[in-house]
1. For S165 and C187 in one chain, what is 0.36 nm times their gap in residues minus the Cα-Cα distance, to one decimal in nm?
2. Take each of the peptides 241-247, 96-102, 221-227, average the number of other beta-carbon atoms within 10 Å over its residues, and list them starting from the highest.
3. Work out the FRET efficiency for T43 and V138 from their Cβ-Cβ distance, taking R0 = 41 Å, and round it to the nearest 0.05.
4. Take the Cα of T89, step 7 Å along the line toward its Cβ, and report every residue of the stretch 261-298 whose backbone nitrogen sits under 18 Å from that point.
5. Packing-wise, with mean Cβ within 10 Å as the measure, how do 36-48, 279-291, 54-66 rank, highest first?
6. What is the magnitude of the charge dipole of the chain about its Cα centre, with +1 placed on the Cβ of each Lys and Arg, -1 on the Cβ of each Asp and Glu, and no other charges, expressed in debye to the nearest 20?
7. Measuring from label point to label point, each 7 Å out along Cα→Cβ, what is the T158 to K35 span in nm?
8. Using only helices, what value at 222 nm comes out for the chain when you add -39,500 (n - 2.57) per DSSP H run of length 4 or more and divide by the total residues, to the nearest 500 deg cm²/dmol?
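Read-outs: derived from the displayed coordinates by stated rules, not from any lab. Note that this is a predicted model, so its numbers are computed, not measured. All Cβ positions, even for glycine, are placed from backbone atoms using ideal geometry, and neighbour counts span all protein chains on display.
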Amino acid sequence: MTVSMEKSPPLAIAHLGPPGTYAEQAAFFYLNWLKKTPGVVATLCPYLTIAQSLQAVATNQAQLAVVPVENSIEGSVSMTMDTLWQLETLQIQLALVLPISHTLISCADSLERIQTVYSHPQALAQCQGWLGQFLPNVNLIPSNSTAEALQGLKQEVTTAAIASSRAAELYNLPILATGINDYPDNCTRFWVISHSQKDAVVQISSREIAPTHTSIAFSLPANVPGALAKALQVFANLGINLSRIESRPTKRSLGEYIFFIDIEASATQVQTALSELRNYTEIIKVFGSYSVTLIENF
């Protein structure tokens with residue numbers, strides 16, 4: 001008698017699409033990392049927005065999402081932060097740091113012919129100095145992603161887009177200028193996000209790597225003098241370094257904020273800090289403890 005073994009469906013990794021985005025590049029790196037484990041099968045699933053990528057995990061349409069959280073030039077990605085706060089049961093598994101080098105892609109035969117430049121708002125902002133110097137009079141049009149901006153370039157010879165050289169290769173489009181980001185050490189940090197009810201396979205990437213960071217967010221019970229200082233003093237008293245702290249509006253009323261914090265501490269220190277922090281906060285959300293990996297030679 002022949003017994004058939006049913007294979008598990010591939011892990012779906014959500015990311016900001018279409019193919020050619022920096023998020024897809026980070027997700028592709030992570031996919032190849034997962035595939036090093038025998039028996040693991042994974043596939044990339046592009047979504048129109050970062051929020052949709054995270055919602056796909058929250059609703060079990062995908063097992064993982066790779067989303068940008070912070071750029072070294074333009075700071076945090078607000079859509080990622082706001083969506084994580086709004087959704088429940090999502091956990092950070094790993095952080096990936098991807099070097100970013102922007103290119104100007106166009107079918108125009110010279111910079112002088114370009115009238116419009118499309119790209120994601122973050123990419124436009126990261127290249128604003130270069131654009132001001134070489135294309136001071138063009139219209140800058142934001143798009144959902146850097147790769148989305150490439151669509152239609154072959155038909156519009158007076159338009160250009162800012163994206164990666166890899167994206168230009170994928171879409172078979174010419175590059176007019178390379179390395180146009182204003183700072184050469186430009187990089188973006190991505191989070192690998194899973195459902196908090198972790199599947200064993202989801203933990204493959206980080207099971208042998210000790211977490212170095214923990215990300216949390218909290219709101220305060222009242223907007224009064226010293227409220228934030230008391231919360232932050234908890235970490236100072238324990239000798240814990242905060243590698244990032246920033247505020248986002250609660251969207252309830254003007255002047256109320258959510259505070260997002262990255263903690264560099266051991267698991268024991270984190271638990272002690274969270275226990276004390278609850279005395280000074282209204283809501284605390286712990287997004288997870290994780291390690292950080294630099295993507296090199298992609």
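1. On the way: separation 22, 0.36 × 22 = 7.92 nm, distance 1.51 nm.
The S165-C187 span can extend by a further 6.4 nm.
2. Details: 241-247: 13.3, 96-102: 20.0, 221-227: 9.4.
The peptides rank, most packed first, as 96-102, 241-247, 221-227.
3. It comes out at approximately 0.60.
4. The answer is 285-288.
5. On the way: 36-48: 14.6, 279-291: 17.1, 54-66: 21.1.
Order by mean packing, descending: 54-66, 279-291, 36-48.
6. Details: 16 positive and 22 negative charges, 105 e Å.
In debye, rounded to 20, the chain gives about 500.
7. Rounded to a tenth, the inter-label distance reads 4.3 nm.
8. Values: 8 runs with 72 residues, N = 298.
My calculation for the chain gives -7000 deg cm²/dmol from helical runs alone.
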